[in-house]
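Take a look at the structure set out below.
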Amino acid sequence: MTYAAVPADPPGRPRGGSPAGPATPRATCVLAPNPSAMTLDGTNTWLLAEPGSDVAVVVDPGPLDESHLRAVVAAVEEAGRRIVLALLTHGHLDHSGGAERFAELTGAPVRAVDPALRVGGEGLAAGDVITVGGLEVRVVPTPGHTADSVSFHLPADRAVLTGDSVLGRGTTVVAHPDGRLGDYLDSLRRLRSLAVDEDVRTVLPAHGPVLDDARGVLEYYLAHRATRLAQVETAVEAGYRTPAEVVAHVYADVDRAVWPAAELSVRAQLDYLREHGLI
């Protein structure tokens, strides 16, 4: 499950409403038919392949939707390729719900951080480099949205697949209690360092459009988190005590449909403020 906590778009010249189709030389999107206030246009299932290769890697097969899973398989086959591996950015069902069925359809193993999500595949850890048919994918741990969240760096495309850690529209939730704000801030800084040190320019999110200014997006996310944290701290000092009270005060200008998601982020922020002795 994804939670888009605020409606404002991050910077970075978003490419349209959804990135269905080719986004970079090595990444193509198949959009799952699961749009909602929480999933934006739907889940972006990413097909990765080196140009000229006959094999492909799929990132986030998506929900347990037979038509979508078969559409992913068909898109790869139409390109003259076969699927040899699936990767999961994290375990929310709009990303992983179809993974087991996808493995049945393709015979491809599924790799994930969480052992419970793996299907005939290994885990994912910092420093892992996955090479398939000339394609290079580097694993970047990005916990915070969830404890098991990872991103995937495509150095040849100067791109990073961010799962729910960075969205194409709005900002994501820190899904308390599994997600932790301190971890999330560290992950955003890690991704920003990737943009600076490795010249990563393109964000390929799991929801919403592709973004072409990775560094700008990540700086925006960090600034947004600092602003929200200050707002929550001020709200507590003003006498708003429960997470629900803080949400109603701090997120008053946000669609109430996402208030339950915002409350998870507020709980994570309150934990962070307590841990640092700020409230």
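Considering only residues that are among the small types (Gly, Ala, Ser), open to solvent by 10 Å² or more (accessible area, probe 1.4 Å) and more than 21 Å from PRO155 (Cα to Cα), which ones fall in segment 46-95? If the condition is that a residue be among the small types (Gly, Ala, Ser), open to solvent by 10 Å² or more (accessible area, probe 1.4 Å) and more than 21 Å from PRO155 (Cα to Cα), then SER67, ALA71, ALA74, ALA75, ALA79, GLY80, GLY91 are the ones that fit.
As a summary of the residue check, LEU229 satisfies the conditions (1) open to solvent by 50 Å² or more (accessible area, probe 1.4 Å); (2) farther than 30 Å from LEU87 by Cα except for the one numbered (1). Inclusion of VAL174 among residues that are open to solvent by 60 Å² or more (accessible area, probe 1.4 Å) and in contact with a Lys or Arg (Cβ under 9 Å, 6 or more places away or on another chain) is not warranted. Put simply, of VAL258, VAL247 the only residue that is in contact (Cβ under 8 Å) with a residue 60 or more places away in the chain and either assigned to a loop (DSSP other than H, G, I, E, B) or closer than 17 Å to GLY170 by Cβ (or both) is VAL258. When segment 30-41 is filtered for residues that are out of contact with any helix residue (DSSP H, G or I) (no Cβ under 8 Å at 6 or more places or on another chain), surrounded by 20 or more Cβ atoms within 10 Å (Cβ to Cβ) and without any contact (Cβ under 8 Å) to a residue 60 or more places away in the chain, only LEU31 remains. Count of segment 127-147 residues, restricted to those that are in a loop (DSSP other than H, G, I, E, B), under 16 Å from ARG192 (Cα atoms) and open to solvent by 10 Å² or more (accessible area, probe 1.4 Å), is 1.
Got at least one residue in segment 148-171 being assigned to a strand (DSSP E or B), without any contact (Cβ under 8 Å) to a residue 60 or more places away in the chain and either touching a helix residue (DSSP H, G or I) at 6+ places or on another chain (Cβ under 6 Å) or open to solvent by less than 20 Å² (accessible area, probe 1.4 Å) (or both)?
The answer is yes, given that some residue of segment 148-171 is assigned to a strand (DSSP E or B), without any contact (Cβ under 8 Å) to a residue 60 or more places away in the chain and either touching a helix residue (DSSP H, G or I) at 6+ places or on another chain (Cβ under 6 Å) or open to solvent by less than 20 Å² (accessible area, probe 1.4 Å) (or both).
Considering segment 232-270, the residues that are open to solvent by less than 70 Å² (accessible area, probe 1.4 Å), within 23 Å of the chain's Cα centre (by Cα) and not hydrophobic (A, V, I, L, M, F, W, C) include one that is farthest from THR146 (Cα to Cα), namely TYR251. Failed condition for GLU219, given (1) assigned to a loop (DSSP other than H, G, I, E, B); (2) open to solvent by 50 Å² or more (accessible area, probe 1.4 Å); (3) of a type outside the set (A, V, I, L, M), with all others met? So the condition that GLU219 fails would be (1). Cβ-Cβ distances below 6 Å connect the following pairs, each with a first residue in segment 60-80 that is touching a residue at least 60 places away in the same chain (Cβ under 8 Å), a second residue that is open to solvent by less than 40 Å² (accessible area, probe 1.4 Å) and in a helix (DSSP H, G or I), and a separation of six or more residues or different chains: ASP60/HIS95.
The values are calculated or read from the model by the stated rules, or taken from the named source; none is laboratory data. Treat the numbers as computed from the prediction; the structure is a model and nothing was measured. Virtual Cβ from ideal backbone geometry, glycine too; neighbours counted across all protein chains shown. Quick note on the areas: whole protein, heavy atoms, side chains included, nothing else; ligands and nucleic acids left out. Shrake-Rupley method; radii C 1.70, N 1.55, O 1.52, S 1.80 Å.
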